[in-house]
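To keep things clear, I will list the structure first and then write my remarks on it.
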Amino acid sequence: MNEIGLWSVLIAVIGGAIRVSTPFLFVSLGETITERSGRINLGLEGTLVFGAMSAYATAVLTGSAWAGVAVAGCAGGMFGLLHGWICRLPRVNDVALGIALMLFGSGLAFFFGKAFIQPSAPQLPALALGNWSDLPQVRAALQVNVLFLVGAALSLFLWWAFRNTRVGLVVRIVGDSADAARAMGYHVDRVRLLATGAGGVLAGIGGAYLSLYYPGSWNEGISSGQGLMAVALVVFARWNPLACFGAALLFGGAGALGPALQSVGVSSGYYLFYAAPYVLTLGVLVATSSPDRALAGAPGELGQSK
Amino acid sequence: MPPETPPGAIAVETIGMTKRFGAFAALDDVSMKIEAGGFHALLGENGAGKSTLVKCIMGFYAPSSGSVLVAGREVAITNPKGAQGRGLGMVYQHFTLVPSLTGLENLVVARPDVPAVIDWRGERAALAAFMERMPFRLNLDRPVAELAAGEKQKLEIIKQLYLEARFLILDEPTSVLTPDEAGEVLGLLRAMADRGEISVLMISHKFREVEAFARSVSVLRRGRLVGGGRVGELSRDDMAAMMMGARPVRVVADRTGTPDTARDVLRIAGLRASDASGLRRIAVEGLTVHAREIVGVAGVSGNGQKELADVLGGQIRAEGGQVRVGGEAYDGRRAQSRAQRVRFIPEEPLRNACAPRMSVTENLAFRAFDRRGEGASRAGSPAGRPTFWLDGSAMRRRAKDLIARFGVKTASSEAPIATLSGGNVQRAVLARELTDPVDLLIVANPCFGLDFSAVAEIRTRIMAARNAGAAVLLISEDLDEILELSDRIVVMSDGRIVYEVSGAQADAQAIGRHMAGHH
């Protein structure tokens, strides 16, 4: 590999990080809200896929990509509320229910989405932040989608809101000690219902990005498990929205490594690099685990079985 | 909005308070009055209905019948928030602070009128001014999870005063405090009551505290109000008689023989460990327990005793140092505890020593279910040969025998052990741990939350094991228990052993000073 090849791989990885990270970012921010309230929603993979389908279908039918984003958010919110509502019934386990809803969301999306595989939908706009450069690679890498910027702002906002707003503190209290929350007169189930709903909205929007920008079409293989990896990413980011942003960029960059190597002509073994995000997930979880220590920052109510 | 009453202490009265759970009356027609500015103690055994009564006052439970008068007016309190709005506040036995939030965040968020966006700088200034008027100093910027139990308790009380509680209920407030701390906290609250700022209702077991700080007392037994009066007019014997009713109380078995100082059963050297959060570290330089000796480990909760017990029980790993039992290395493995005859009775036995949903029979078999004995009498004893197939009938025989010998009250030997009362769970665990020959017995808070008669019986069993030649390490937060049982006493403070004294020369005041870290 020569000098230019190395640079172009680096630029492609940066561009890929920006392009690929957005669904990770939205799903992990949504999951952070849900887990901070003391519940795990593993169904966000299904929500993501259904969000992608509903956004694409809406954009095809109305001609507006933003209408698609709105519908995807609403649909995601419904999935979240459904999860939250079923979880408050007695003897329901949130993890098992999440897996069921993951399959349900994907299945429902495939069922309704059959008709929308062929037609093409309007795409979400991107800002060309690379026009200062003469290099076409740099220009391509710095095509930044509006949703990415929204996600970045949202992670900053959530980080601030968890410390400085009443709503943020209530969510943290409910997630850390349900008994304390009840003693203060908060309705634990209601807070968790709304937190799971909010998480669903964000996951749905993450799905809209998949089908309306990158890769920018609707098909049944549109998500390669981003929804599930984002849940692991929340643990990696220690339930901190700002760290979620960094982690999403890291995973996005790792995901772009395979295609970038292929584009500069590395023809042997490049497909191994497609596995980079998954290897990274495993490596990160092993590296941050300990047999003797509890995870710092984990909400106290998380994973409590009923 | 609740009706406004003038500032200062308020009186609370219950009239005919009754609470039934099914056919069982936890509270039966209790009428009592706490004057404005009073300091009233509520005495009673476990299960006498003390907690039920205060939970009915606070709106946690809806009483089956009866009513509550606040400042002379009948009020309907349906939830704790309503009680708070009327100036009633309660400090619970378990903490209601949120562990990951700082003291400051905990206080502000407990207010009924938390603003949507919180101005931390303004809140901090307002709280600093408020803390000037408070009886104790606290660091409000640390997460509650990092505070010691005594500090948490003080923060709970501060929180109620911050919420402008004018009638304060304390549920066994001193169980996690040193004698000196308890005296300080209760003395300051008593002074506030005397100035007419608050009224106090305190649930307690401790006669000494009741006599020193309360002005009046009520005694509950089996849900009924059986007596009361002004402190000073009632003797300790009067109060004990009201609490217990007519019933024989077993005395602890006599100590026979002296410690066999030639035989070191447990020897700890340079032990280092830390708990799961990594915040509490212990460093035990040297500790030896001889045969036929009870060594009591005293300390305020959260000073490393739990971590010491967890290392010896194999629940956390030591980072350094040595634990030797009978001369051999020991790190809590099953084969070692079998070979070196170590038995372990952890605190909260239902959680730490039982599988709650498995039956009493199965729980009793945990030490020996994979062993087959020779002959009927040794069936299922830990000394037997290893076996792959379980011998159900031997397990059931053994369970029936142990249930009868230790007086475990259970509906059936096949009932899940979680359905037993706390005392009976502890009896079952003792039965499992003490029937086979024991060289070393490690016990942590064995009588926590148990009633009078169960306590006497369990202490008798521990003493009997010692008399038979076992070395006993007794880790307890109950200083009276330590003083009663121990041949030798050590005090842990901040993860270290800071004091050692023989049981005969022990002085509660000196021990208390070392528990508090003044040495």
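The values are calculated or read from the model by the stated rules, or taken from the named source; none is laboratory data. For clarity, every value in this text was computed on a predicted model and none was experimentally measured. Glycine also receives a Cβ, built like all others from the backbone with ideal geometry; neighbour counts cover every protein chain displayed. When the accessible area is computed, the model is the full protein with side chains, heavy atoms only, and any ligands, DNA or RNA have been set aside. Shrake-Rupley method; radii C 1.70, N 1.55, O 1.52, S 1.80 Å.
Among the residues of segment A:265-285, which ones are hydrophobic (A, V, I, L, M, F, W, C) and part of a helix (DSSP H, G or I)?
Residues satisfying the conditions are A:Leu272, A:Phe273, A:Ala276, A:Val279, A:Leu280, A:Leu282, A:Val284, A:Leu285.
Exactly one condition in (1) buried (at least 17 other Cβ atoms within 10 Å of the Cβ); (2) of a type in the set (A, V, I, L, M); (3) in a helix (DSSP H, G or I) is not met by A:Ala115; state its number.
Going through the list (1) buried (at least 17 other Cβ atoms within 10 Å of the Cβ); (2) of a type in the set (A, V, I, L, M); (3) in a helix (DSSP H, G or I), A:Ala115 breaks only (1).
Pairs needed: first member in segment B:301-329, assigned by TED's automatic domain parsing to the domain that holds B:Gly495; second member anywhere, among the aromatic types (Phe, Trp, Tyr) and open to solvent by 20 Å² or more (accessible area, probe 1.4 Å); C-beta distance under 6 Å; at least 6 residues apart or different chains.
B:Gly313/B:Phe344; B:Val323/B:Tyr330
Select from segment B:126-155 the residues that are open to solvent by 40 Å² or more (accessible area, probe 1.4 Å), among the polar types (S, T, N, Q) and under 20 Å from B:Ser175 (Cβ atoms) and list them in ascending order.
Across segment B:126-155, there are no qualifying residues.
Out of (1) in contact (Cβ under 8 Å) with a residue 60 or more places away in the chain; (2) more than 12 Å from chain A (Cβ to nearest Cβ); (3) not in a strand (DSSP E or B), what's the single condition that is false for B:Pro63?
Tallying (1) in contact (Cβ under 8 Å) with a residue 60 or more places away in the chain; (2) more than 12 Å from chain A (Cβ to nearest Cβ); (3) not in a strand (DSSP E or B), B:Pro63 fails exactly one: (1).
When only residues in segment B:68-94 that are within 9 Å of another protein chain (Cβ to nearest Cβ) and within 28 Å of the chain's Cα centre (by Cα) count, which is most open to solvent (accessible area, probe 1.4 Å)?
Among them, the one singled out is B:His94.
If you check A:Gly253, A:Gly207, which single one turns out to be within 18 Å of the chain's Cα centre (by Cα) and more than 27 Å from A:Ala67 (Cβ to Cβ)?
Unique residue meeting the criteria: A:Gly253.
Residue by residue, here is whether (1) open to solvent by 20 Å² or more (accessible area, probe 1.4 Å); (2) modelled with pLDDT under 95 holds:
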position: A:Val188; (1), (2): no, yes
position: A:Ala195; (1), (2): no, no
position: A:Gly199; (1), (2): no, no
position: A:Ala208; (1), (2): no, no
position: A:Pro215; (1), (2): yes, yes
position: A:Trp218; (1), (2): no, yes
position: A:Leu228; (1), (2): yes, yes
position: A:Val235; (1), (2): yes, yes
position: A:Arg238; (1), (2): yes, yes
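Just for helices (runs of 4 or more DSSP H) wholly inside segment B:291-385: which have at least 1 residues that are within 14 Å of chain A (Cβ to nearest Cβ) and at pLDDT 85 or above?
Ranges flagged: B:305-312, B:349-352.
Here's a check for you: in segment B:95-117, which residue that is open to solvent by 40 Å² or more (accessible area, probe 1.4 Å) and more than 7 Å from chain A (Cβ to nearest Cβ) is farthest from the chain's Cα centre (by Cα)?
B:Asp113
Considering (1) part of a helix (DSSP H, G or I); (2) closer than 21 Å to B:Arg263 by Cα; (3) under 18 Å from the mean Cα position of the chain (by Cα), say which one B:Asn424 fails and leave the rest.
Of (1) part of a helix (DSSP H, G or I); (2) closer than 21 Å to B:Arg263 by Cα; (3) under 18 Å from the mean Cα position of the chain (by Cα), only one is false for B:Asn424: (2).
Against the condition open to solvent by less than 20 Å² (accessible area, probe 1.4 Å) and in the same structural domain as B:Val491 (by TED's automatic domain parsing), how does B:Leu364 come out, does it pass?
no
Does B:Arg208 fit the bill of being free of Cβ contacts under 8 Å to residues at least 60 places away in the same chain, in contact with a Phe, Trp or Tyr (Cβ under 7 Å, 6 or more places away or on another chain) and in the same structural domain as B:Glu35 (by TED's automatic domain parsing)?
Judged against the criteria, B:Arg208 is not a match.
Look through segment A:279-294, keep the residues that are at pLDDT below 80 and surrounded by 15 or more Cβ atoms within 10 Å (Cβ to Cβ), and return whichever of them is farthest from the other protein chains (Cβ to nearest Cβ).
Out of the qualifying residues, it is A:Thr281.
Among helices (runs of 4 or more DSSP H) lying entirely in segment A:159-234, which contain 2 or more residues that are within 24 Å of A:Val146 (Cβ to Cβ), in contact with a His (Cβ under 9 Å, 6 or more places away or on another chain) and more than 14 Å from chain B (Cβ to nearest Cβ)?
Result: A:188-212.
How many residues, within segment B:476-493, are part of a loop (DSSP other than H, G, I, E, B), farther than 14 Å from B:Ile458 by Cβ and open to solvent by 10 Å² or more (accessible area, probe 1.4 Å)?
Here the count works out to 2.
What is the residue count in segment B:26-54 for residues that are surrounded by fewer than 21 Cβ atoms within 10 Å (Cβ to Cβ) and of a type in the set (Lys, Arg)?
1
Of all residues being in a loop (DSSP other than H, G, I, E, B) and farther than 18 Å from B:Leu350 by Cα in segment B:441-475, which is most open to solvent (accessible area, probe 1.4 Å)? Just the residue, please.
Top of the filtered list is B:Ala468.
Being in contact with a Ser or Thr (Cβ under 9 Å, 6 or more places away or on another chain) and among the acidic types (Asp, Glu) is the filter here; which residues of segment B:420-450 pass it?
If the condition is that a residue be in contact with a Ser or Thr (Cβ under 9 Å, 6 or more places away or on another chain) and among the acidic types (Asp, Glu), then B:Asp436 is the only one that fits.
So which residues in segment A:24-68 are of a type in the set (Asp, Glu) and open to solvent by less than 10 Å² (accessible area, probe 1.4 Å), if there are any at all?
A:Glu31, A:Glu35
If I go through segment B:494-519 residue by residue, how many of them are buried (at least 16 other Cβ atoms within 10 Å of the Cβ), among the aliphatic types (A, V, I, L, M) and under 19 Å from B:Ser175 (Cα atoms)?
3
Given (1) open to solvent by less than 70 Å² (accessible area, probe 1.4 Å); (2) hydrophobic (A, V, I, L, M, F, W, C); (3) touching a helix residue (DSSP H, G or I) at 6+ places or on another chain (Cβ under 8 Å), identify the lone condition not met by A:Ala153.
(3)
Please specify each residue of segment B:118-140 satisfying the condition of being part of a loop (DSSP other than H, G, I, E, B) and within 14 Å of chain A (Cβ to nearest Cβ).
Passing the criteria: B:Ile118, B:Asp119.
Exactly one condition in (1) open to solvent by less than 60 Å² (accessible area, probe 1.4 Å); (2) modelled with pLDDT of 75 or more is false for A:Ser263; which is it?
(1)
Does at least one position in segment A:132-148 carry a residue that is open to solvent by 30 Å² or more (accessible area, probe 1.4 Å), more than 14 Å from chain B (Cβ to nearest Cβ), part of a loop (DSSP other than H, G, I, E, B) and not aliphatic (A, V, I, L, M)?
Yes, the conditions are met somewhere in segment A:132-148.
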